[in-house]
1. Hey, any hits in the stretch 189-211 for a residue that's at pLDDT below 95, assigned to a helix (DSSP H, G or I) and of a type in the set (A, V, I, L, M, F, W, C)?
2. From the list LYS153, LYS166, which residue is open to solvent by 40 Å² or more (accessible area, probe 1.4 Å), in contact with a strand residue (DSSP E or B) (Cβ under 7 Å, 6 or more places away or on another chain), outside any loop (DSSP other than H, G, I, E, B) and not polar (S, T, N, Q)?
3. Which ranges mark the strands (runs of 3 or more DSSP E) fully within the stretch 46-133 that have 1 or more residues being closer than 30 Å to ILE16 by Cα and either touching a residue at least 40 places away in the same chain (Cβ under 8 Å) or small (Gly, Ala, Ser) (or both)?
4. Is the stretch 178-187 home to any residue that is in contact (Cβ under 8 Å) with a residue 24 or more places away in the chain, farther than 23 Å from PHE237 by Cβ and either acidic (Asp, Glu) or open to solvent by 40 Å² or more (accessible area, probe 1.4 Å) (or both)?
5. Given the residues ASP259, ASP241, ASP230, ASP251, which is the only one that is surrounded by fewer than 17 Cβ atoms within 10 Å (Cβ to Cβ), without any contact (Cβ under 8 Å) to a residue 12 or more places away in the chain, under 19 Å from ILE7 (Cβ atoms) and not hydroxyl-bearing (Ser, Thr, Tyr)?
6. If ASP230 satisfies every condition in (1) in contact with a Ser or Thr (Cβ under 7 Å, 6 or more places away or on another chain); (2) part of a loop (DSSP other than H, G, I, E, B) but one, which is the exception?
7. Please go through the stretch 288-301 and pick out each residue that is over 34 Å from the mean Cα position of the chain (by Cα) and either of a type in the set (A, V, I, L, M, F, W, C) or part of a helix (DSSP H, G or I) (or both).
Amino acid sequence: MKFRTEIQINPAKHKITYDAGLFFLGSCFSENIFSKVDYFKFNSASNPFGILYNPAAIESVISKSLEGYNYTEKDVFELNERWHCYDSHSVLSDSNKETLIENLNNAVSGTAKQIKTASHLFITLGTAWVYRAKSTEKIVGNCHKVPQKAFNKELLSIPQIESMLKSCISQIKAVNPKAQIVLTVSPIRHLKDGFVENIRSKSHLISAVHSIKDQVENVWYFPSYEIVHDDLRDYRFYAEDLVHPNQMAIDYIWEKFQDTWIDTSCEPIMKKVDFVQKGLAHRPFNPQAEAHQAFLKKIEATKSELMQRHSIQF
């Protein structure tokens, strides 16, 4: 008897090795996968502007980064004794205006560098609902708890999302034509928008993503949304808020991702990296014990091998 419908994913054509460069942009779900590749010490980077939820915000930071936009004080504002920018997540916000502007310009250069050099770019879309600032008529990446009366809320149409994705991809291809672009839709439920509104949003994103994937070469889709909602589809795979996938679900998606995108030649290296990472996190009862000292020597020997043979840094 079968009690669940496991999703079968075709192996990727251009798999990831330890020579690859990985760049993640978008919703907080991209951070979950990034945390895994970062743990295994792949060459990777994620969201210099912080988490971005909607395709308009992602398009904006790609455009500004590749054009070398220079952020100044006209791009930031103060609220609750902190300085913010509508283009970035609050992780970049700061009590000092100059520090925020410096962080933003570092994000510009960091994003541009990653886009130009990455072999694989992963763009995760979280929502098609956007907030347009009444003062500028521009869609924001983050509202920073500014009162809602300052914005108009809109649902991006499928053609609008397609246009934004085409813009992102064409700009990426112009500076990095060999890049493999992987689109995903976050399984995280935006229930603050409403149950029906969340489904409408995800439907628009999925329809637009598949339309683009079918039109553009070297653009792929990883079904993270479907894995959670059609394969796992049970509340035991959610965190206590019943919105975010829990660690068990994230680990399961990572297994699917690894089977799909990570080349099998990486497995012996990943096992050694895992051994070192767990060893570095271990807290012994007796640090001076001979057995522990021998264990530390083994860790150092494995680290040295990984650094010399594969240029992996810990």
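1. The first filter runs over the stretch 189-211 and keeps only residues at pLDDT below 95, leaving 189-195.
Checking the rest, the ones that are also assigned to a helix (DSSP H, G or I) come to 191-193, 195.
Retained after the next criterion (residues that are of a type in the set (A, V, I, L, M, F, W, C)): 191, 195.
Scanning the stretch 189-211, I find at least one residue that is at pLDDT below 95, assigned to a helix (DSSP H, G or I) and of a type in the set (A, V, I, L, M, F, W, C), so the answer is yes.
2. LYS153 is the lone residue from the list that is open to solvent by 40 Å² or more (accessible area, probe 1.4 Å), in contact with a strand residue (DSSP E or B) (Cβ under 7 Å, 6 or more places away or on another chain), outside any loop (DSSP other than H, G, I, E, B) and not polar (S, T, N, Q).
3. Numbers: elements: 77-79, 82-84, 120-125, 129-133.
Fully inside the stretch 46-133 and qualifying: 120-125.
4. Just the residues of the stretch 178-187 that are in contact (Cβ under 8 Å) with a residue 24 or more places away in the chain, to begin with: 178-187.
Those left that are additionally farther than 23 Å from PHE237 by Cβ: 178-181.
From what is left, the residues that are either acidic (Asp, Glu) or open to solvent by 40 Å² or more (accessible area, probe 1.4 Å) (or both) are 178.
Yes, the conditions are met somewhere in the stretch 178-187.
5. On the way: ASP259 fails: without any contact (Cβ under 8 Å) to a residue 12 or more places away in the chain; ASP241 fails: under 19 Å from ILE7 (Cβ atoms); ASP230 fails: without any contact (Cβ under 8 Å) to a residue 12 or more places away in the chain.
Testing whether each residue is surrounded by fewer than 17 Cβ atoms within 10 Å (Cβ to Cβ), without any contact (Cβ under 8 Å) to a residue 12 or more places away in the chain, under 19 Å from ILE7 (Cβ atoms) and not hydroxyl-bearing (Ser, Thr, Tyr) leaves just ASP251.
6. Every condition holds for ASP230 apart from (2).
7. Going through the stretch 288-301, the residues over 34 Å from the mean Cα position of the chain (by Cα) turn out to be 288-295, 297.
Within the stretch 288-301, ALA289, GLU290, ALA291, HIS292, GLN293, ALA294, PHE295, LYS297 qualify.
So that you can scan it fast, the table gives a plain yes or no per residue for (1) of a type in the set (Ser, Thr, Tyr); (2) open to solvent by less than 30 Å² (accessible area, probe 1.4 Å); (3) within 16 Å of HIS244 (Cβ to Cβ):
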site: LEU25; (1), (2), (3): no, yes, no
site: SER35; (1), (2), (3): yes, no, yes
site: ASP38; (1), (2), (3): no, no, no
site: PHE49; (1), (2), (3): no, yes, no
site: PRO55; (1), (2), (3): no, yes, no
site: ILE58; (1), (2), (3): no, yes, no
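The values are calculated or read from the model by the stated rules, or taken from the named source; none is laboratory data. Source: prediction; values computed, not measured. Here the Cβ is made from the backbone with ideal geometry for all residues, glycine too, and neighbour counts use every protein chain on show. Side chains included, ligands, DNA and RNA excluded: accessible areas come from the protein's heavy atoms. Shrake-Rupley method; radii C 1.70, N 1.55, O 1.52, S 1.80 Å.
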